[in-house]
Amino acid sequence: MANAACYHCGDQCGKYHVRFDERDFCCNGCKTVYEIFTSNGLSTFYDIEARAGTTPNEVRKKYDFLDNQEIVDKLVEFNEEGMQVVNLSIPTIHCSSCIWVLENLGRLHSGITSSQVDFPKKTVRVGYKTEEISLKALVLLLGSIGYEPYISLEAYNKEKGKVDRSLIYKLGVAGFAFGNVMLLSFPEYFEVEEFWLDQYKPVFRWLMFAFSVPVVLYAGRDYFLSAYKGLRSRLLNIDVPIALGILTLFLRSTTDIIFDLGSGFFDSLTGLVFFLLLGKFFQQKTYAYLSFERDYKSYFPIAVTKLNEKGEEESIQIYKVEVGDRILIRNQEIIPVDCRLLKGNAEIDYSFVTGESQAVFKEPGEKLFAGGKQLSGVLEVEVLKSVSQSYLTQLWGNSVFTKDKAGNFQTLTDSIGKRFTFAVLTIAVIATVFWLFNEPSMALNVFTAVLIIACPCAIALAAPFTLGNMLRIFGKHKFYLKNTNAIERLSKINMAIFDKTGTLTTTQKETILYEGMELSEEETALLKTTLRASNHPLSRSLYDILKSNAIMTLDEFQEHTGKGIEGRVKDHSMKVGSAAYVGKHKSMLPSNTAVYISSDENVKGRFVFKNAYREGVDKIFEAMGRQMEVGVLSGDNDGERKQLQQMLSKDANILFNQKPEDKLNHIKRMQESHNVLMVGDGLNDAGALAQSDVGIAVSENINVFSPACDAILDASKLTLLPKFIKLSRKSMQIIKLSFLLSLCYNVVGLYFAVTGQLLPVVAAILMPLSSISIVVFATLCTNLIGKELK
Amino acid sequence: MSVIYVLLAISISVALAFFAAFLFSVKSGQYDDTYTPSVRMLFEDEVVNDQKPKNKKSKHNQTKSTNQ
């Protein structure tokens with residue numbers, strides 16, 4: 001029965017197996033959620049999707065800050081007459097059962113009047129009566145059923161801004177106008193010489209004009225703005241010929257209908273804008289629930305517990321923490337400011353900041369840095385610096401975090417657009433000059449016709465559709481890119497730099513090696529017994545691997561926090577702990593995390609903890625090494641240099657003991673001669689990720705933290721990275737092929753234009769045809785090469 | 001006046017009405033989340049008649065346990 005799957009969450013039940021109501025549960029948490037659901041008539045949860053639940057975390061005192069009215073006021077969206085509405089982000093939302101149960105929260109508490117889930121964003125908007133339930137109670141309720149909301153400083157600072165829906169509006173306007181104009185221009189396509197049709201021509205034409213005005217002025221506005229910006233910074237981007245095309249189409253058509261020269265090109269105009277916007281819309285695939293802009297704010301708590309003069313606990317907003325304040329840091333809490341330890345056993349995990357996975361122990365009086373996570377017990381500290389002045393937060397003052405990577409990158413479309421604009425203008429001028437000498441009345445007609453037909457609609461569509469579709473394909477394989485621009489930058493990469501801890505290694509499993517004199521059976525038994533009494537994580541993992549079943553009763557046990565433990569049975573003693581504690585001088589060799597053992601005061605040896613490398617890391621290096629230079633930057637000590645060097649090529653650059661700034665500066669130096677890809681995971685890589693040409697954050701769980709980056713890659717798909725890079729390169733080839741294809745259409749169109757025979761109906765057929773065929777071509781090709789990933 | 005003006009006026013006003021409906025739907029946020037409603041509409045009103053199936057279930061469980 002031990003291997004039964006939990007009825008609530010689907011995990012293996014294992015050793016804490018609980019049986020309740022004829023069902024198996026992996027832990028008491030899951031059982032409790034089941035009880036809550038069934039006793040409130042929410043058992044349908046299990047019918048919609050089986051084993052869809054999430055194990056609730058132990059909800060600690062960490063939400064005490066929600067008692068602070070000021071903080072609550074900032075978090076809620078609506079607050080009036082005893083009603084509050086709050087929009088909470090819940091990373092564990094993952095299936096339709098989640099939607100169902102969260103939208104029926106009212107069953108669990110009568111104070112909750114409404115709740116609505118936004119699945120793509122993983123948020124739930126809850127309305128509740130403040131008389132019956134407070135925000136804190138609501139959060140605790142959600143936590144108790146396994147949907148703990150994620151409330152960070154980021155949410156606190158976020159302006160309750162409006163959603164930008166302008167692109168949908170523009171698309172709507174253009175599509176609306178396009179449809180109507182097509183309908184109105186239909187009679188003229190056939191040029192039926194009928195008296196009554198002739199009579200109403202002006203009405204139809206001016207109606208088309210009326211429909212086109214909002215398209216040019218509103219829907220197409222971005223193209224004019226972008227072209228203007230490009231010209232001002234002396235850049236001929238692709239929007240210049242587009243804007244020129246739209247403007248020419250509009251002016252020429254207007255003059256045509258004023259002087260009754262023809263029906264104008266309003267149908268092509270509206271169609272062009274509509275297709276262009278459609279491309280933009282397609283490209284705009286964002287992963288709403290992922291944040292690519294995170295900084296320390298999303299890691300930090302909103303509030304901390306301050307001890308006031310009377311020694312009472314008080315929850316205060318984090319920005320109000322002042323130098324000299326005394327604050328409490330609880331177990332598993334992040335230290336928000338640089339401070340001095342006053343009381344408590346500090347065991348700080350600085351892996352967010354340095355990447356070093358080994359926790360450090362601090363004595364009262366020592367300085368603690370912001371960003372560390374307390375692992376055992378409560379600390380009392382004195383604040384030395386305010387939040388924005390702290391060591392970690394200062395990193396974000398670096399200018400790389402405000403730099404816009406996409407803005408400084410010239411895309412393939414833009415670089416082709418430049419040449420294209422130049423060529424079109426040349427042809428237009430030559431053709432005009434030619435006609436000026438032969439038949440001056442045709443000159444203006446030809447000039448405008450060239451600009452109209454050469455409007456690079458198809459070229460402008462090739463990149464959005466190819467890259468947009470690629471983005472989706474990558475997304476299906478758990479590689480989430482921030483935007484399409486990132487794919488283009490990825491294709492240009494010729495150097496890859498990896499972080500070690502958390503990126504190449506996994507935090508999920510460790511390998512433990514023993515070095516030293518062999519332990520006798522009795523010693524092993526004593527060691528295991530001693531370890532059993534300790535709660536330290538290292539003791540726990542050591543305990544699990546030791547093969548001894550002879551558990552004895554300890555006569556004496558002592559735990560020296562930050563140093564080690566000591567156990568005694570009869571006249572034998574066993575010391576486990578740091579090198580200094582067991583009486584061994586710390587070897588000068590830099591090494592991994594190690595636990596030393598001494599039996600009866602004789603140092604026996606040590607257990608070395610090594611992070612296990614992810615599977616296939618060597619294959620990644622091998623595949624990438626063929627295409628580019630590969631290097632490793634690690635915040636850890638160089639205990640694993642040999643092992644890494646074996647996996648990498650001999651001349652590969654491997655650097656250890658790198659602080660966050662060092663990483664950033666190293667990338668900067670490499671960028672002088674390379675396009676650098678940085679693959680990292682923690683806050684300590686944030687600077688390097690921001691500085692690199694493409695920064696990829698590897699994450700075990702994409703819903704949890706990842707620093708600001710261009711892409712988030714699920715750790716299980718790391719081995720696909722070389723393929724992703726290859727595909728990004730292939731995508732660029734597809735775009736180039738599409739350009740070639742659209743050029744063919746342009747040549748045909750230009751023939752009509754230059755010879756002065758461009759009729760509105762030809763333009764109306766040619767332009768949508770070229771656009772659609774490019775779209776089809778790009779989509780089919782990307783789907784085809786996307787199959788490589790399977 | 002020809003009937004064509006009337007027809008044009010009707011067709012355009014119908015089109016405008018739909019356009020206004022579109023604008024309204026965007027404005028009210030219907031395009032913000034295009035996934036959840038598709039799931040939501042498939043839920044039955046389980047909550048309303050939950051009392052009966054719940055009883056049934058517990059009875060079912062009881063009989064099961066007595067059998068064992």
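The values are calculated or read from the model by the stated rules, or taken from the named source; none is laboratory data. The structure displayed is predicted, hence computed values, not measured ones. With ideal geometry, Cβ positions are generated from the backbone for all residues, glycine too; neighbour counts draw on all protein chains shown. Side chains are part of the model used for accessible areas, which takes the heavy atoms of the whole protein and leaves out ligands, DNA and RNA. Shrake-Rupley method; radii C 1.70, N 1.55, O 1.52, S 1.80 Å.
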Looking at this structure, is A:M182 aliphatic (A, V, I, L, M) and free of Cβ contacts under 8 Å to residues at least 60 places away in the same chain?
no
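Might you let me know whether the stretch A:60-73 holds any residue that is within 10 Å of chain B (Cβ to nearest Cβ) and either touching a strand residue (DSSP E or B) at 6+ places or on another chain (Cβ under 9 Å) or not in a loop (DSSP other than H, G, I, E, B) (or both)?
Scanning the stretch A:60-73, I find no residue that is within 10 Å of chain B (Cβ to nearest Cβ) and either touching a strand residue (DSSP E or B) at 6+ places or on another chain (Cβ under 9 Å) or not in a loop (DSSP other than H, G, I, E, B) (or both), so the answer is no.
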For the stretch A:640-647, indicate whether the set of residues that are of a type in the set (D, E) and outside any loop (DSSP other than H, G, I, E, B) is non-empty.
yes
Quick check, is A:V101 more than 14 Å from chain B (Cβ to nearest Cβ), touching a helix residue (DSSP H, G or I) at 6+ places or on another chain (Cβ under 6 Å), open to solvent by less than 30 Å² (accessible area, probe 1.4 Å) and in contact (Cβ under 8 Å) with a residue 40 or more places away in the chain?
no
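When the stretch A:4-58 is examined, which residues are found to be basic (K, R) and either open to solvent by 60 Å² or more (accessible area, probe 1.4 Å) or at pLDDT below 75 (or both)?
A:K15, A:R19, A:R51
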Check A:S738 against each of (1) over 16 Å from the mean Cα position of the chain (by Cα); (2) open to solvent by 10 Å² or more (accessible area, probe 1.4 Å); (3) farther than 26 Å from A:Q671 by Cβ and name the one condition it does not meet.
(2)
Which residue pairs have Cβ atoms under 7 Å apart, sit 6 or more places apart or on different chains, and have a first residue in the stretch A:520-545 that is modelled with pLDDT of 75 or more and a second that is among the polar types (S, T, N, Q) and not in a helix (DSSP H, G or I)?
A:E523/A:S599; A:T524/A:S548; A:A525/A:S548; A:K528/A:S548
Yes or no: A:Y200 closer than 22 Å to A:L167 by Cβ and either part of a helix (DSSP H, G or I) or more than 14 Å from chain B (Cβ to nearest Cβ) (or both)?
no
Filtering the stretch A:616-651 down to residues that are farther than 27 Å from A:Y350 by Cβ and surrounded by fewer than 16 Cβ atoms within 10 Å (Cβ to Cβ) yields A:G616, A:D618, A:K619, A:E622, A:R626, A:Q627, A:Q646, A:S649, A:K650, A:D651
Of all residues in the stretch A:453-494 being within 28 Å of A:L269 (Cβ to Cβ) and among the β-branched types (V, I, T), which is surrounded by the most Cβ atoms within 10 Å (Cβ to Cβ)?
A:T466
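In this structure, is A:K717 in contact with a His (Cβ under 8 Å, 6 or more places away or on another chain) and under 17 Å from A:L504 (Cα atoms)? Working first, answer last.
Numbers: in contact with a His (Cβ under 8 Å, 6 or more places away or on another chain): yes; under 17 Å from A:L504 (Cα atoms): yes.
The answer is yes for A:K717.
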Would you check which residues across the stretch A:469-512 are assigned to a helix (DSSP H, G or I), of a type in the set (V, I, T) and modelled with pLDDT under 85 and list them?
A:T484, A:T501, A:T503
Is it the case, given these coordinates, that A:K280 is surrounded by fewer than 19 Cβ atoms within 10 Å (Cβ to Cβ), under 19 Å from A:D414 (Cβ atoms) and touching a Pro at 6+ places or on another chain (Cβ under 9 Å)?
yes
With away from chain B (no Cβ under 14 Å), part of a loop (DSSP other than H, G, I, E, B) and open to solvent by less than 10 Å² (accessible area, probe 1.4 Å) as the only criterion, which of A:G264, A:G230 stands out?
A:G264
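Against the condition within 14 Å of chain B (Cβ to nearest Cβ) and either surrounded by fewer than 24 Cβ atoms within 10 Å (Cβ to Cβ) or free of Cβ contacts under 8 Å to residues at least 12 places away in the same chain (or both), how does A:F259 come out, does it pass?
No; evaluated as a whole, the condition is false for this residue.
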Would you please name the residue that is most open to solvent (accessible area, probe 1.4 Å), looking only at residues in the stretch A:665-687 that are modelled with pLDDT of 85 or more and in a helix (DSSP H, G or I)?
A:R669
Taking the condition in a loop (DSSP other than H, G, I, E, B) and either modelled with pLDDT of 80 or more or closer than 30 Å to A:F739 by Cα (or both), does A:K418 pass?
no
